[in-house]
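Novice: This is the structure I have questions about; it appears just below.
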Protein chains: 4
Amino acid sequence: MSSETGKNIKLSIFGQSHSEAIGAVIDGIPAGESFDLSEIMSFMRRRAPGGQSYSTARREADRPRILSGLLRDEGAEGEIYLSCGAPICAVIENSDTRSKDYENLRYTPRPSHADFPAYVKYKGFNDIRGGGHFSGRLTAPLCFAGALCRSMLKKRGISVGAHIYSIGEIRDEAFDSVKLTGEEAEAPGLKAFSTISDEAGERMLSVIAEKKAQGDSVGGIVECVVTGLPAGLGDPMFDGVENIIAALLFGIPAVKGVEFGEGFSLSRMTGSRANDPYEIREGRVRTVTNRNGGILGGITTGMPLIVRAAIKPTPSIALPQDSVDLREMREEKLTIKGRHDPCIVPRAVPCIEAAVAFSLCDLMAGTGAFID
Amino acid sequence: MSSETGKNIKLSIFGQSHSEAIGAVIDGIPAGESFDLSEIMSFMRRRAPGGQSYSTARREADRPRILSGLLRDEGAEGEIYLSCGAPICAVIENSDTRSKDYENLRYTPRPSHADFPAYVKYKGFNDIRGGGHFSGRLTAPLCFAGALCRSMLKKRGISVGAHIYSIGEIRDEAFDSVKLTGEEAEAPGLKAFSTISDEAGERMLSVIAEKKAQGDSVGGIVECVVTGLPAGLGDPMFDGVENIIAALLFGIPAVKGVEFGEGFSLSRMTGSRANDPYEIREGRVRTVTNRNGGILGGITTGMPLIVRAAIKPTPSIALPQDSVDLREMREEKLTIKGRHDPCIVPRAVPCIEAAVAFSLCDLMAGTGAFID
Amino acid sequence: MSSETGKNIKLSIFGQSHSEAIGAVIDGIPAGESFDLSEIMSFMRRRAPGGQSYSTARREADRPRILSGLLRDEGAEGEIYLSCGAPICAVIENSDTRSKDYENLRYTPRPSHADFPAYVKYKGFNDIRGGGHFSGRLTAPLCFAGALCRSMLKKRGISVGAHIYSIGEIRDEAFDSVKLTGEEAEAPGLKAFSTISDEAGERMLSVIAEKKAQGDSVGGIVECVVTGLPAGLGDPMFDGVENIIAALLFGIPAVKGVEFGEGFSLSRMTGSRANDPYEIREGRVRTVTNRNGGILGGITTGMPLIVRAAIKPTPSIALPQDSVDLREMREEKLTIKGRHDPCIVPRAVPCIEAAVAFSLCDLMAGTGAFID
Amino acid sequence: MSSETGKNIKLSIFGQSHSEAIGAVIDGIPAGESFDLSEIMSFMRRRAPGGQSYSTARREADRPRILSGLLRDEGAEGEIYLSCGAPICAVIENSDTRSKDYENLRYTPRPSHADFPAYVKYKGFNDIRGGGHFSGRLTAPLCFAGALCRSMLKKRGISVGAHIYSIGEIRDEAFDSVKLTGEEAEAPGLKAFSTISDEAGERMLSVIAEKKAQGDSVGGIVECVVTGLPAGLGDPMFDGVENIIAALLFGIPAVKGVEFGEGFSLSRMTGSRANDPYEIREGRVRTVTNRNGGILGGITTGMPLIVRAAIKPTPSIALPQDSVDLREMREEKLTIKGRHDPCIVPRAVPCIEAAVAFSLCDLMAGTGAFID
């Protein structure tokens, strides 16, 4: 078991890159929530491949077919759906698959992909086409679930947004960790390339283009922020906001590090510099700085939540690499065919938002927050 | 709910810093496992306060009283216990408590501690003495559970070890991420100050002493490694080794970041540099480098597992800080009394090992690995 | 959340009676298991409506479309599928829906159906067509999952079978609770009407026909047995075989009681009569009687497992009934239109087998039993 | 794993009959709940052994020592405790143990006890003294948890009560399943022998005395009712009120059957008789009858909840029985020494109440019901 998460809202993701379809079941969305399909589609398009210079040439409409749990609101304008309380299942067909590209990979694992450990774990029975269940394509249903959750939070004044914090050594501008508004949080996601600074974005794009020309790839960091959260959400020890978000973020392929607030930088600070002093601002308790990223003891402080995920460079590169033949147990050169992103970071931005939005909705669902 | 974790082995931790006792229930340890109490006590002493210059002056014997689940092996030499299959409960009495130190904190939250969000969440009913359930003291039962798990793994050829990777800006030497042996992994933990390089350790100690003298504190990073793991452990997406370990590590107070392998550094690399090529070594499939830290797609590769946790500086410092009075909603200066570690990192080393060992035992318990 | 169960194998069921489709995601089936689709279809046909005198006139092909997790074994004869380790999703389209039949039920709850509590819980947003998510139709994906599990057990020498123990006051013959073979256990399921005694079956059919003619319905009991189970399966207290099977059985619509072995009859016995003495038979420890139904302390004894589920009469009857108008809060007569089974018990037989088979597979998956 | 249950409130029970202590950890009780220790002790005394003719001669004070999670309310009269939000741990010492009584049972399983399957499961390492973790004594911590939950429900107008429905063939009077009040529900529990009818109680006592004199034992049925529940509690399919209560009830030793409302009797009824028609009573939607026991589709209807548990006769009888020697694999006569209840049903009454109260609190905790 592996592809199921959540406590109060359950998310079960299924599918392989080249199976008939992929999809998600989301169980626990309260009845009577209304969702605008066009908004959900906008969010999912941020992840969908095709069109951009930095993404795979594979094209998928990625239009979810809703099998259950949502009823069309006939009275409303536009494609509005109302949750009926039953589990929501959405399915996305796989159409543009080129399975033949993967035949030479059956016994020759691609470095830094899951091929080798999957071969051992599944005794060779796993679906190798397109990375199977390990494919980044499985983040499409995650984004569907995340779109629902993000919309539920938005209605309660909570904004989830993210930007490309860095590509390789190039850094974006920073959010204001204390005074950040919901509008500012969501702004980068509305752009074709999700940075705060357009100039930094252009430099990132040229690095990506350069690596692509070299048959290479490059990694980066995505930073996600949440505004409008109430203080007091989360539990100590193992059910804290950090535990839950981190566990979900490591479910996104290529994420190798997660930090909250100043994260690893905090390890190099003194307490007098790292601590966030309190003040009264507009009649509320606020911290003057926000180096803890809005979470103390696993519980929200009411300040903006800040989390960053480190994303490794796409393992699929055009350059020849050293691999092995698993049957004959001998070393072998491998050249990867198929279509791949030279940099997965831009398309990871909505996936990170989705994971964070789902985590928070799941936590809030247990508090009665959605019972209006 | 919050203080319960694990899937195949359940760990439930209870207690507050100044309650009658703290402890843990560990349910799911197979029957017939033998444990040497002296070994468990050695492990727990690595975390226990008292004695060191960098730790709180609070002294606790931290000797667990075993209430259930373990039966004394009368035939064996030494204090050997055998698991009987029933949940194991161990209790540690709280003795050296000075609750009066905390009275001035009831409505004046300490910056970067959980005081304020806990006040909101628990409506003022939480136990503020010594940080209550948020106290670092709650890692003692975690270490008890970790000691059992670490011993179970050791018997199966799996070594869990950690070292102080850095204090402030001072770095320890590095482990060899490819050829690391179990003995090397465990070596730093056998020292009074858990570094690979004694020279780096001494420089760290002088930084800690300096911060203490200044009434300040300092953070650091703990790196944990595991050798001898089989390939194929863990599941894709949400039940991967990374998800599970990260979720547990964020349960340790002051952890603000978790990364695997090269972690955040991978985000700055190209694919050609970040990928770990395969080779055949001694008849087995191995990677030439180990930048992914022994995990791909959430599943172990059979290479050493490498994880790092960033630990923020102890929030309790002697310097005066800005806080607020939560009843009267006005700003207020706070000076923290009580006994505190100027640097929590050295004592966090066994806690990180414990969390990693528990995570792996939990994962392995679901595979039938412990059914001999 | 509600429609998700299992610990080592997760089953998530989705759909409403009249949504686009219904289906199941089954996560945790080990890779390399082979399944014969014709065998799965045979099992599902035992539940499918249409054709029989006692079942609803609604006709559904109930052919599952497999979206993920199973790969066609191209080399094998017949429609053989191999699990690849990824979650298995199967979808069954809803075609023969007559939603108009349900319009008069929106505010007039049918007695003994879930309509009223669902109206309260879902604030009127629930899908009332055909009973929505509460429909007996949702047992079709349960049967799909059960068919996979039953087949996995069968390959390991474990047979799951059930019969119609009673309809109203008419009783079937009894299984031999001690010497029962797998073949005997499965025999009733191979018949069009699943009784041991054909003569009892005919009397039951005439009772059903009689109630149908009266516009009424009738209940009954299904008894399920499992042969070939090893001793030692299950855990004490809350994870025992009884807890897990009972929790699942109460998920089948209309089940109102569950008992193991002699069950409620044991409450009327003395210990000297109720206890199952031990003997050595064919070199193994066996009980002479089996009044405990193969389970002691929540753990299997190696004797046949025996469980019975009480099924209430179909609440949908043609006779007029007293109901209320929930908007206007006044009493109202209700006459139910639509197509309904006068007796749901015959079609419940494979559902009970499915639930029992799933429970046991889930339990066994945690023991490493499926790792060959 | 086995002795841990609950979703929003986690209950972890530990201990063996003759270990140092037994106890429970209850995680998830909201902060600020107040508990009267004398009330909790009254409830626990209903289960405690000693004194009555029908219970074991073992005497245990069964006074829980509270290690964590509850703070003494210094301002209040009496022993009032306030929950602080941290997990509550209570420990009960084992004092009056006579472990020698069990030596002859090491390889000679007592019929209808868990001895044989436990021997297989735990490979002989289980604690056989007093039944170890399978002992009825483990219901003491369940009753502690149940006492807390019952008190929390009571404060919200929800009463949980139970009576001895039958002993052997002797039946108690019936509750009024429609008009039952909280006071009536709790009345039997206030008596020394928990029946509605004192006359029936006396006949039951004489049956028990008779069986005891014969060296035999006798079973019975406990019926539990809950008044004051809101409609709409519970979820369809696998998280219904029935699933959750049944799963917990089967965790109580000797329970072999569970039914709701008319339960197994419903299987013998027609729909026209079994259905509960609706009416408007005092401005609310009520059912005229309550044959479904207050639950439809897994969700409460607002009518009294009714559940019955069948309890088998105490397996420990003084008469000689047929058993086997597990080492030498030969048949052997067994005579059980030790102290045992000739009828466990009276002491099971509070255990059943505890399990039902815990289940409902757990369900309600997920709805925000306890956030005042």
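Novice: If you check A:S42 against the conditions, is it more than 13 Å from A:I88 (Cα to Cα) and either over 20 Å from the mean Cα position of the chain (by Cα) or in a loop (DSSP other than H, G, I, E, B) (or both)?
Specialist: Here the answer is no, as A:S42 does not meet what is asked.
Novice: For region C:65-72, check the following and say yes or no: at least one residue is at pLDDT 95 or above and part of a loop (DSSP other than H, G, I, E, B).
Specialist: Yes, some residue in region C:65-72 is at pLDDT 95 or above and part of a loop (DSSP other than H, G, I, E, B).
Novice: Do you know which of the residues in region D:235-285 that are on the phi > 0 side of the Ramachandran plot and out of contact with any Lys or Arg (no Cβ under 8 Å at 6 or more places or on another chain) is farthest from the other protein chains (Cβ to nearest Cβ)?
Specialist: The selected residue is D:E282.
Novice: Related question: Determine whether region A:347-369 contains at least one residue that is in contact (Cβ under 8 Å) with a residue 24 or more places away in the chain, buried (at least 24 other Cβ atoms within 10 Å of the Cβ) and more than 30 Å from A:S42 (Cβ to Cβ).
Specialist: No, that holds for no residue.
Novice: Among D:D62, D:D36, which is at pLDDT below 90 and not small (G, A, S)?
Specialist: Only one candidate passes the filter, namely D:D62.
Novice: Another question, then. In region C:224-244, what residues are part of a strand (DSSP E or B) and closer than 30 Å to D:L142 by Cβ?
Specialist: Passing the criteria: C:C224, C:V226.
Novice: Let me ask something else about it. Could you look through region A:23-33, keep only residues that are outside any strand (DSSP E or B) and at the interface with another protein chain (Cβ under 7 Å from one of its Cβ atoms), and pick out the one that is farthest from C:G85 (Cα to Cα)?
Specialist: Per the stated criteria, the residue is A:G32.
Novice: Check C:I344, C:I311, C:I336, C:I352 and return the single one that is at pLDDT below 95 and not small (G, A, S).
Specialist: Every option except C:I336 fails the conditions.
Novice: Quick test of your reading of the structure: A:S55 fulfils all but one of (1) modelled with pLDDT of 95 or more; (2) crowded, with 20+ Cβ neighbours inside 10 Å; (3) more than 14 Å from chain B (Cβ to nearest Cβ); (4) closer than 30 Å to B:D235 by Cα. Name the failing condition by number.
Specialist: (1)
Novice: In this structure, does D:T270 turn out to be under 30 Å from the mean Cα position of the chain (by Cα) and hydroxyl-bearing (S, T, Y)?
Specialist: When the stated conditions are applied, D:T270 does not pass them.
Novice: Among C:D115, C:D127, which is touching a Pro at 6+ places or on another chain (Cβ under 6 Å) and acidic (D, E)?
Specialist: Only one candidate passes the filter, namely C:D115.
Novice: Here is a follow-up. Among the residues of region A:330-353, is there at least one that is over 30 Å from C:K123 (Cα atoms), out of contact with any Ser or Thr (no Cβ under 8 Å at 6 or more places or on another chain) and assigned to a loop (DSSP other than H, G, I, E, B)?
Specialist: yes
Novice: Looking only at residues that are free of Cβ contacts under 8 Å to residues at least 24 places away in the same chain and among the small types (G, A, S) in region B:1-22, which one is farthest from D:A86 (Cα to Cα)?
Specialist: B:S12
Novice: Condition first: among the charged types (D, E, K, R), more than 27 Å from D:V218 (Cβ to Cβ) and within 8 Å of chain C (Cβ to nearest Cβ). Can you find one or more residues in region D:296-318 that meet it?
Specialist: The answer is no, given that none of the residues of region D:296-318 is among the charged types (D, E, K, R), more than 27 Å from D:V218 (Cβ to Cβ) and within 8 Å of chain C (Cβ to nearest Cβ).
Novice: Here's a follow-up. Give me the pairs, please: first residue somewhere in region A:202-223 and under 16 Å from A:A309 (Cβ atoms) and in a loop (DSSP other than H, G, I, E, B), second residue anywhere and among the polar types (S, T, N, Q) and modelled with pLDDT of 95 or more, beta-carbon distance under 7 Å, and either six or more positions apart or on two chains.
Specialist: As it stands, the answer is A:G219/B:S267, since those pairs meet every condition given.
Novice: Note down all Cβ pairs under 9 Å where the first residue falls in region C:157-186 and is of a type in the set (F, W, Y), the second is exposed (fewer than 14 other Cβ atoms within 10 Å of the Cβ) and not in a loop (DSSP other than H, G, I, E, B), and they're at least six residues apart or on different chains.
Specialist: Close Cβ pairs (under 9 Å, with a partner that is exposed (fewer than 14 other Cβ atoms within 10 Å of the Cβ) and not in a loop (DSSP other than H, G, I, E, B)) do not exist here.
Novice: Now a separate question. Which ones in region B:323-372 are more than 14 Å from chain C (Cβ to nearest Cβ), on the phi > 0 side of the Ramachandran plot and over 24 Å from the mean Cα position of the chain (by Cα)?
Specialist: Correct list: B:M329 only.
Novice: Go over the candidates D:A114, D:A147, D:A118 one by one and state the one that is more than 10 Å from chain C (Cβ to nearest Cβ) and surrounded by 20 or more Cβ atoms within 10 Å (Cβ to Cβ).
Specialist: D:A147
Novice: Shifting gears a bit: So B:I80 fits all but one of (1) among the hydrophobic types (A, V, I, L, M, F, W, C); (2) crowded, with 19+ Cβ neighbours inside 10 Å; (3) touching a residue at least 40 places away in the same chain (Cβ under 8 Å); what number is the exception?
Specialist: (2)
Novice: Another question, if that's okay. Just name the residue that is surrounded by the fewest Cβ atoms within 10 Å (Cβ to Cβ) out of those in region B:237-260 that are within 15 Å of B:T367 (Cα to Cα) and not small (G, A, S).
Specialist: The extreme case among them is B:D239.
Novice: Return yes or no: is D:G157 outside any helix (DSSP H, G or I), away from chain B (no Cβ under 14 Å) and under 20 Å from D:P350 (Cα atoms)?
Specialist: For D:G157, the condition - outside any helix (DSSP H, G or I), away from chain B (no Cβ under 14 Å) and under 20 Å from D:P350 (Cα atoms) - is met.
Novice: So, one more: I'd like to check something: does region B:188-195 contain any residue that is farther than 12 Å from B:V349 by Cα and either in contact (Cβ under 8 Å) with a residue 40 or more places away in the chain or of a type in the set (V, I, T) (or both)?
Specialist: no
Novice: Can you tell me which residue is surrounded by the fewest Cβ atoms within 10 Å (Cβ to Cβ) among those in region B:194-229 that are in contact with a Ser or Thr (Cβ under 7 Å, 6 or more places away or on another chain) and not aliphatic (A, V, I, L, M)?
Specialist: Taking the candidates together, the pick is B:G228.
The values are calculated or read from the model by the stated rules, or taken from the named source; none is laboratory data. Values in this document were obtained by computation on a predicted structure and should not be read as measured data. Positions of Cβ are backbone-derived with ideal geometry, glycine not excepted, and every protein chain shown enters the neighbour counts.
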